[in-house]
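A.B. asks: Okay, here's the structure, questions in a sec.
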Amino acid sequence: MNKFYITTAIPYVNAKPHIGHALEFVQADVINRYHKIIGDETLFLSGGDENAIKNVRAAEKEEIPIQEFVDKNSKLFEELAEKLNVHFDVFQKGSDLRHHSSSQKLWELCFAENDIYKKEYSGLYCVGCELFYDKEELNEKGECFEHPGKKLDRVSEINYFFKLSKYQKKIKELIESDTLKIIPEERKNEALAFIDQGLKDISISRSSKRAKNWGVPVPNDSTQRLYVWFDALNIYQSGIGFGSLLQKDEKRYKKWWPADLHIIGKGILRFHAIFWPAFLLSAKLKLPKSIFVHGYLTVDGQKMSKTLGNVIDPIGLIDKYETDAIRYYLLRDISTFADGDFSEKRLKEIYNADLANGIGNLVARVAKLAEIVNYQQMQSVSKTYAHIIAIEEYSEALLEFRFNDALSFIWKKITLLDRFINNEKPWKLLKTKSQRLKTILDHAIDQIQEIAILLEPFLPETAEKIETQFKSPKISSGKPLFPRM
């Protein structure tokens with residue numbers, strides 16, 4: 001059995017989750033479920049990025065202790081995953097002391113290679129990105145492209161720096177050769193273009209004063225805290241036992257590391273494709289195998305913004321439309337690799353057209369016909385997972401993260417089966433109970449069972465309902481899968 005270790009990005013917990021977080025959680029869950037189906041032993045990790053300065057400022061604004069603040073918000077991300085039917089094997093919190101010791105271990109390994117040094121520094125800092133920017137990286141107003149309208153902090157302090165420049169050639173070779181595979185190609189080229197500009201050494205600590213003594217202390221220097229990206233990236237390792245003195249944790253780490261796939265948004269590409277490999281190379285640790293980069297979600301054509309008041313709460317949507325409808329919309333209508341636009345109007349259209357009138361109507365028709373004629377099937381679920389894996393168009397789409405193409409393949413089968421039933425008109429044969437009627441129902445039920453299995457990574461609740469309804473010898477009609485709105 002092959003192992004497959006998959007991670008989402010580690011979300012900042014300075015605010016409650018939005019619809020963009022739901023998109024990434026669901027995408028990762030589909031990949032994880034598919035690898036389970038094909039027989040891999042999987043481990044699925046996420047966590048809370050809790051040690052950022054932005055968390056400190058947000059807690060101060062709410063006038064509550066920082067630990068209480070991050071505990072409250074991290075819990076919201078776990079609850080979102082649960083509502084989306086996404087099940088993490090590990091949810092690693094950045095404030096966990098086991099994570100602290102793990103990140104300090106990573107620091108010590110890099111320090112032992114003489115890749116960390118101390119110097120006085122002055123620069124422009126974006127709290128939103130938790131990153132220093134050079135002036136040439138900013139827009140014409142001197143603002144960060146990720147957070148326009150927000151003024152950067154002018155920071156002058158003594159920090160520890162990491163020799164990122166030392167690893168420029170090696171990282172470029174790893175990316176060019178796909179030893180570290182970046183998907184899609186556009187993001188691979190973006191990472192290479194950033195490297196070609198010349199990598200500069202980066203600050204990897206913050207003064208304890210500026211961090212309000214929050215975060216992971218730098219080993220042997222209480223005046224400094226680890227830079228949040230040095231510590232947060234290490235959640236991918238600390239969550240599986242890196243740096244622990246316990247034998248069981250060491251064994252777990254050796255089993256699962258390196259990660260087979262990091263799933264991230266495009267805004268944090270440089271951290272994962274350049275900073276993270278450099279830290280691991282310095283520490284003489286194995287590198288992740290691949291990085292899948294998705295785009296952003298806009299809302300009705302505009303970037304999500306608290307100022308505009310268009311930040312979409314995914315929990316409210318799930319309560320209104322139910323889990324599988326939200327999963328389907330995000331996976332079918334939102335581009336995997338490019339930016340996508342969220343529209344509740346479009347969500348309703350997709351719901352009625354594809355779910356209520358599509359799979360829902362088809363299942364109801366076939367189940368009702370089978371119930372009327374007291375249909376008795378000789379066996380249940382005639383299609384095995386091995387059969388499904390052999391469907392190249394479907395499997396290749398999933399392995400290449402083309403979720404909408406895999407769903408299109410399923411909906412073609414739904415359309416073909418609908419057309420078959422319309423052409424054969426089995427309702428005209430109900431009184432005869434002829435062999436022809438049985439043949440029609442045999443084919444229809446066989447296809448619905450296959451459709452249910454194909455749906456499992458995408459709409460697990462719906463797939464289970466269909467499989468339950470059609471697995472017994474006697475099939476009965478039931479409640480609509482997706483009542484029309």
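The values are calculated or read from the model by the stated rules, or taken from the named source; none is laboratory data. Since we're looking at a predicted model, the values are computed, not measured. When we count neighbours, we look across all protein chains shown, and the Cβ atoms used for this are built from the backbone with ideal geometry, even at glycine.
A.B. asks: Conditions: (1) without any contact (Cβ under 8 Å) to a residue 60 or more places away in the chain; (2) farther than 19 Å from I6 by Cα; (3) not basic (K, R). L280 meets all but one. Number of the miss?
C.D. replies: Exception for L280: condition (2).
A.B. asks: A further question follows. Search the range 328-351 for residues that are touching a residue at least 40 places away in the same chain (Cβ under 8 Å) and pair each with any residue that is among the polar types (S, T, N, Q) when their beta-carbon atoms are under 6 Å apart and the residues are at least 6 apart or on different chains.
C.D. replies: R332/N404; D341/T298
A.B. asks: Tell me, yes or no, whether the range 61-73 has at least one residue that is touching a residue at least 60 places away in the same chain (Cβ under 8 Å) and more than 25 Å from Y329 (Cα to Cα).
C.D. replies: yes
A.B. asks: If you don't mind, another one. Just one of (1) in contact with a Leu (Cβ under 9 Å, 6 or more places away or on another chain); (2) outside any loop (DSSP other than H, G, I, E, B); (3) buried (at least 20 other Cβ atoms within 10 Å of the Cβ); (4) not acidic (D, E) trips up R225, so point out which.
C.D. replies: (1)
A.B. asks: Kindly evaluate Y34 against the criterion of being more than 23 Å from A283 (Cα to Cα) and touching a residue at least 24 places away in the same chain (Cβ under 8 Å). Break it down into steps so the answer makes sense when it comes.
C.D. replies: Values: more than 23 Å from A283 (Cα to Cα): yes; touching a residue at least 24 places away in the same chain (Cβ under 8 Å): yes.
Judged against the criteria, Y34 is a match.
A.B. asks: Collect the residues in the range 253-267 that are touching a strand residue (DSSP E or B) at 6+ places or on another chain (Cβ under 9 Å) and more than 13 Å from L280 (Cα to Cα), keeping them in residue-number order.
C.D. replies: The answer is K255, W256, D260, L261, H262, I263, I264, G265, K266.
A.B. asks: For the range 59-74, what are the residues that are in a helix (DSSP H, G or I) and of a type in the set (A, V, I, L, M)?
C.D. replies: Across the range 59-74, the qualifying residues are A59, I66, V70.
A.B. asks: Okay, next question. Read through the list (1) at pLDDT below 95; (2) touching a helix residue (DSSP H, G or I) at 6+ places or on another chain (Cβ under 9 Å); (3) assigned to a helix (DSSP H, G or I), then give the number of the only condition that L280 fails.
C.D. replies: Evaluating L280 over (1) at pLDDT below 95; (2) touching a helix residue (DSSP H, G or I) at 6+ places or on another chain (Cβ under 9 Å); (3) assigned to a helix (DSSP H, G or I) leaves (1) as the failure.
A.B. asks: Moving on. Name, by its number, the condition in (1) under 30 Å from the mean Cα position of the chain (by Cα); (2) assigned to a loop (DSSP other than H, G, I, E, B); (3) without any contact (Cβ under 8 Å) to a residue 24 or more places away in the chain that does not hold for K431.
C.D. replies: Looking at each condition in turn, K431 falls short on (1).
A.B. asks: Check whether at least one residue in the range 447-469 is in a loop (DSSP other than H, G, I, E, B), within 28 Å of S395 (Cα to Cα) and either in contact with a His (Cβ under 7 Å, 6 or more places away or on another chain) or of a type in the set (D, E, K, R) (or both), and report yes or no.
C.D. replies: yes
A.B. asks: For the range 63-103, which positions are surrounded by fewer than 18 Cβ atoms within 10 Å (Cβ to Cβ) and among the small types (G, A, S)?
C.D. replies: Across the range 63-103, the qualifying residue is only S101.
A.B. asks: Residue under question is K118, and the condition is that it be free of Cβ contacts under 8 Å to residues at least 40 places away in the same chain and surrounded by fewer than 17 Cβ atoms within 10 Å (Cβ to Cβ); does it hold?
C.D. replies: In short, no.
For every residue, the table says whether it meets (1) among the β-branched types (V, I, T); (2) touching a Phe, Trp or Tyr at 6+ places or on another chain (Cβ under 6 Å); (3) on the phi > 0 side of the Ramachandran plot.
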{"position": "K289", "(1), (2), (3)": "no, no, no"}
{"position": "F292", "(1), (2), (3)": "no, yes, no"}
{"position": "V311", "(1), (2), (3)": "yes, no, no"}
{"position": "I318", "(1), (2), (3)": "yes, no, no"}
{"position": "I326", "(1), (2), (3)": "yes, no, no"}
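A.B. asks: Can you tell me which residues in the range 160-213 are more than 22 Å from D115 (Cα to Cα), surrounded by fewer than 19 Cβ atoms within 10 Å (Cβ to Cβ), basic (K, R) and within 28 Å of the chain's Cα centre (by Cα)?
C.D. replies: Matches in the range 160-213: K181 only.
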